[in-house]
């Protein structure tokens, strides 16, 4: 899927409404590379299994809806169908209209650079014993802290990558892996 197709499908009120209604029932995994560092902050990868969705656009809208709920601190089970029109118009559609295709190699470099920098910073902070609030630093899968390194969910070779943001201080990429659709999200607090 490319950015133009995502924008076109999302602009169809019926498709968007159906996709967001489905998104309330679709499970999403969250892989967090979490720090309290003002510059690095945290990188979050939201993942939706390909087996759960019939269409790539539904998966991407699901990921965006789950990410919005995560960042706003809302619970998915507290959102009902009546809330979805407001969510779509106020938050999701402005994001989707910023969608642009970006090169696979650029996205791959950015994702690897950010996640490896965060993991390195976490290791250094642990070694220094100067970590403030250590429970908030680390790699987490669905809220559980991982004791072993976790592989980053990287884009499939030659898959199309959609950038919702691709700036020095904010990146959001939609792409696919062999078994999942992914939203990579990172921004700096600086």
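All of the numbers you see were taken from the coordinates with simple rules; none came from a lab. Fair warning: this is a prediction, and the values are worked out from it, not measured in the lab. Note that each Cβ is placed from the backbone with ideal geometry, even for glycine, and that neighbours are counted across all protein chains shown.
On the given criteria, is residue 101 over 16 Å from residue 63 (Cβ atoms) and free of Cβ contacts under 8 Å to residues at least 12 places away in the same chain? For residue 101, the condition - over 16 Å from residue 63 (Cβ atoms) and free of Cβ contacts under 8 Å to residues at least 12 places away in the same chain - is not met.
For the structure I just gave you, tell me whether residue 6 is touching a helix residue (DSSP H, G or I) at 6+ places or on another chain (Cβ under 8 Å), closer than 24 Å to residue 158 by Cβ and part of a helix (DSSP H, G or I). Considered against the rule, which asks whether it is touching a helix residue (DSSP H, G or I) at 6+ places or on another chain (Cβ under 8 Å), closer than 24 Å to residue 158 by Cβ and part of a helix (DSSP H, G or I), residue 6 comes out as yes. Being part of a helix (DSSP H, G or I), without any contact (Cβ under 8 Å) to a residue 60 or more places away in the chain and either crowded, with 16+ Cβ neighbours inside 10 Å or touching a helix residue (DSSP H, G or I) at 6+ places or on another chain (Cβ under 9 Å) (or both) is the requirement here; does residue 126 meet it? Here the answer is yes, as residue 126 does meet what is asked. Residue count for region 129-172 under the criterion of being free of Cβ contacts under 8 Å to residues at least 12 places away in the same chain and more than 21 Å from the chain's Cα centre (by Cα): the result is 7. Please go through region 57-70 and give me each residue that is surrounded by fewer than 19 Cβ atoms within 10 Å (Cβ to Cβ) and either more than 25 Å from residue 5 (Cβ to Cβ) or touching a residue at least 40 places away in the same chain (Cβ under 8 Å) (or both), ordered by number. 70, the sole residue that qualifies. Taking the numbered list (1) touching a helix residue (DSSP H, G or I) at 6+ places or on another chain (Cβ under 7 Å); (2) in a loop (DSSP other than H, G, I, E, B); (3) exposed (fewer than 14 other Cβ atoms within 10 Å of the Cβ) in turn, residue 37 passes all entries but (3).
Checked against (1) under 19 Å from residue 41 (Cα atoms); (2) over 14 Å from the mean Cα position of the chain (by Cα), residue 101 meets all criteria but (1).
Every condition in (1) free of Cβ contacts under 8 Å to residues at least 24 places away in the same chain; (2) surrounded by fewer than 15 Cβ atoms within 10 Å (Cβ to Cβ); (3) closer than 17 Å to residue 45 by Cα is met by residue 112 except one, and the failing one is (1).
When restricted to residues that are under 30 Å from residue 122 (Cα atoms) and not in a helix (DSSP H, G or I), region 40-60 contains 10.
Within region 76-93, can you find the residues that are assigned to a helix (DSSP H, G or I) and either within 16 Å of the chain's Cα centre (by Cα) or surrounded by 12 or more Cβ atoms within 10 Å (Cβ to Cβ) (or both)? Within region 76-93, 76, 83, 84, 85, 87, 88, 91, 92, 93 meet the criteria.
Across region 9-34, the qualifying residues are those that are outside any helix (DSSP H, G or I) and touching a helix residue (DSSP H, G or I) at 6+ places or on another chain (Cβ under 8 Å), and the one among them that is surrounded by the fewest Cβ atoms within 10 Å (Cβ to Cβ) is 27. When region 167-182 is filtered for residues that are surrounded by fewer than 18 Cβ atoms within 10 Å (Cβ to Cβ) and under 21 Å from residue 117 (Cα atoms), the ones remaining, listed by number, are 167, 168, 169, 170. Tallying residues that are part of a strand (DSSP E or B) and on the phi > 0 side of the Ramachandran plot within region 133-190 yields 1. Counting only residues that are in contact (Cβ under 8 Å) with a residue 24 or more places away in the chain and under 17 Å from residue 181 (Cα atoms), region 11-50 holds 20 of them.
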